[in-house]
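Here the structure comes first, spelled out in structure tokens, and everything after it is commentary.
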Amino acid sequence: MTRKHDHGFTLIELLIVVAIISIIAAIAVPGLLQARMTANETSAITSLKATGVAQVSYSATCGNGAYATSFLVLGTSPQAGGEGFIGADLGLSATPQKSGYNLAMGAGAASAGPNDCAGRATNSGYYVTAVPMTFGSTGTRSFSMNAGNTIWQNTSAAAPPEPFTSSATIGPIR
């Protein structure tokens, strides 16, 4: 009798392939996570810049020289059927979450300003922050900005407070 040869992989060969794939994945995953955190941080910086542009536009057209008190005010048009000063990704919530960051806006060191063109309260300045949802996982830097439109950063889970000091670093943020 002749014996037929089995064609296929042995268990040892399969284990070697699985081990090689595991080693490649262990090398690649940290780089992918770092790239994701960098993208999240870039999105947070871009959101702060967009907020600054929206605040300047609001102040010049509707705020009587003062600034909006919240993202909701920036997202709402002062005229029926019009567009808001900031996109829906930020303007539909008082505390928007975007790309792994929590954003918040307040008066900061500013005082109350005159009512705007729609009769809403304003502030003489503003303070906006972007803090990672999970520090070390969604981002390693926290950011803040005020009416000076300069973005400050901390390498901690807390945004730089006003008044800005040397404990926070100043832009240009990349």
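The values are calculated or read from the model by the stated rules, or taken from the named source; none is laboratory data. Bear in mind that the values here come from a model prediction, so they are computed numbers and not experimental data. Every residue, glycine among them, receives a Cβ derived from its backbone with ideal geometry; neighbour counts consider all protein chains shown. Ligands, DNA and RNA are stripped out before the accessible areas are found, and what is left, the full protein with its side chains, is counted by its heavy atoms. Shrake-Rupley method; radii C 1.70, N 1.55, O 1.52, S 1.80 Å.
A dipole drawn for the chain from +1 and -1 charges on Cβ atoms has a positive end, and of 75, 37, 27 the residue lying farthest that way is 27.
In a reduced charge model with +1 at each Lys and Arg Cβ and -1 at each Asp and Glu Cβ, the chain shows a dipole moment near 300 debye about its Cα centre.
Accessible surface of residue 120, taken over heavy atoms with a 1.4 Å probe and every protein chain present, rounds to 50 Å².
For the stretch 76-93 versus the stretch 37-55, the inter-centroid distance based on Cα atoms is 18 Å. Counting only DSSP beta bridges whose two residues both lie in the chain, roughly 95 percent are antiparallel.
Counting only heavy atoms of the protein chains, get the accessible area per residue of the chain (1.4 Å probe) and round it to a whole Å² value.
Values: 10090 Å² over 174 residues.
On a per-residue basis, 58 Å².
Amide hydrogen proximity for residue 126: with H placed 1.01 Å from N in the peptide plane, the residues at 5 or more positions away or on another chain lying under 5 Å are 147.
Amide H contacts for residue 156 (H built 1.01 Å from N in the peptide plane; partners 5 or more residues away or on another chain; cut-off under 5 Å): 142. Per the Debye formula on identical point scatterers at the alpha carbon atoms of the chain, with no solvent, log10 I(q)/I(0) at q = 0.09 Å⁻¹ is -0.42.
Remark: spin-label model distance residue 124-residue 88 equals 3.8 nm, labels positioned 7 Å along the Cα→Cβ axis. Counting only DSSP H runs of at least 4 residues, each contributing -39500 (n - 2.57), and dividing by the residue count of the chain, the helix-based mean residue ellipticity at 222 nm comes to -12000 deg cm²/dmol.
Which order do 70, 124, 142 take by accessible area at a 1.4 Å probe, largest first? Provide the component values of the computation, followed by the final result.
Working: 70 25, 124 65, 142 0 Å².
The most accessible residue leads, giving 124, 70, 142.
Probe radius 1.4 Å, ligands and nucleic acids ignored: give me the carbon and sulfur share of the accessible area of the chain as a rounded percent. Provide the component values of the computation, followed by the final result.
Values: 6270 of 10090 Å².
Percent of accessible area from carbon and sulfur atoms in the chain: 62.
Taking 0.36 nm per residue of sequence separation and removing the Cα-Cα distance, the residue 64/residue 20 pair yields an extension gain of 9.4 nm. Spacing of the modelled spin labels on residue 9 and residue 149, each 7 Å from Cα toward Cβ, amounts to 5.9 nm.
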